[in-house]
1. For a quick check of your reading of the model, give me the residue pairs whose first member lies in segment 41-62 and is over 17 Å from Val31 (Cα atoms), whose second is open to solvent by 60 Å² or more (accessible area, probe 1.4 Å), with beta-carbon atoms closer than 6 Å and at least 6 apart or on different chains.
2. Would you check if Val83 is open to solvent by 10 Å² or more (accessible area, probe 1.4 Å), at pLDDT below 95, in contact with a strand residue (DSSP E or B) (Cβ under 6 Å, 6 or more places away or on another chain) and not in a loop (DSSP other than H, G, I, E, B)?
3. For segment 137-155, give me the residue count where each residue is under 20 Å from Arg45 (Cβ atoms) and surrounded by 16 or more Cβ atoms within 10 Å (Cβ to Cβ).
4. Just checking, how many residues over segment 181-215 are under 23 Å from Ser152 (Cα atoms) and basic (Lys, Arg)?
5. With of a type in the set (A, V, I, L, M) and at pLDDT below 90 as the only criterion, which of Ala91, Ala130, Ala107 stands out?
6. What's the total number of residues in segment 71-91 that are farther than 15 Å from Gly27 by Cβ and under 15 Å from the mean Cα position of the chain (by Cα)?
7. Do we have Ile61 as open to solvent by less than 10 Å² (accessible area, probe 1.4 Å), under 19 Å from Leu173 (Cβ atoms), among the hydrophobic types (A, V, I, L, M, F, W, C) and not in a loop (DSSP other than H, G, I, E, B) here?
8. Select the strands (runs of 3 or more DSSP E) contained entirely in segment 119-215, then report the ones holding at least 1 residues which are of a type outside the set (Val, Ile, Thr), within 13 Å of the chain's Cα centre (by Cα) and within 21 Å of Thr74 (Cα to Cα).
Amino acid sequence: MFRKLFGRDHGKTEPDTLPVVRNVTIGRTVVLDPLAWRRFGGATRFVLDRDTLEITAQGLIALDDGAFVHRFYTDDHVMLQAVSDDREGQAANDFTLFIPWRSAYPANSADQRVWNDRIRAPRFTDEGLAEYARFWFDDESARQEPVAFWESVHDSREADAPPYARIYQSCMLFARELPDEGRELLLAITVEPQKGDLTHDIMIGLPLTVGEFKA
């Protein structure tokens, strides 16, 4: 599912109009089916105290193979992600809901080296979390380089509004099995805004079907 998800931005000019993916875009409300996470009970670390998302920002990633990643954000950094073969998102067929788990500023270069080793390892864990296996690539390789990409993030649908942020990210996706054939995802990311400080972020996610959300 995620094996070839992300690509590297090469400075291509994006069209002015932001995509609307399954009626989701800035300024709209997404209604979720809470059974998407509640059905797992205490087996999952994914916890969300509401079943609606007010979308206030939207990210776009263009992949090298011609596909696109669409990201929709709330003010508290919940993220609905869709992957599509077309920029407009009409062919979107891969949806994931992520919540933030932790974000930290590295104290020094040693912190950065430790983090770099962790996201390259075949297994990942963090305080309060179970162990997750690498989901992208071969999960048995001793070391795997993270996937890197640029994301353009917008907070306005105005045609002439430029992205308010350009963010370079190096990341790896991990996963663990849940009861009833479920799967919990962990996205470990080095976040480097063009204007801002580098952070080490962890997000916890669950796959969604098209019947588990609407806008």
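The values are calculated or read from the model by the stated rules, or taken from the named source; none is laboratory data. As the structure is a prediction and not an experimental result, all values here were calculated from the model. FYI the Cβ positions are ideal-geometry reconstructions off the backbone, even for glycines, and counts take in every protein chain you see. These accessible areas exclude ligands, DNA and RNA; they are computed on the full protein's heavy atoms, side chains included. Shrake-Rupley method; radii C 1.70, N 1.55, O 1.52, S 1.80 Å.
1. Within 6 Å, the pairs are Ala43/Pro179.
2. yes
3. Final tally of qualifying residues: 0.
4. The number of residues fulfilling the criteria is 1.
5. That would be Ala91, the only listed residue that is of a type in the set (A, V, I, L, M) and at pLDDT below 90.
6. 9
7. Against the criterion (open to solvent by less than 10 Å² (accessible area, probe 1.4 Å), under 19 Å from Leu173 (Cβ atoms), among the hydrophobic types (A, V, I, L, M, F, W, C) and not in a loop (DSSP other than H, G, I, E, B)), Ile61 qualifies.
8. 147-154, 165-178, 182-193, 199-208
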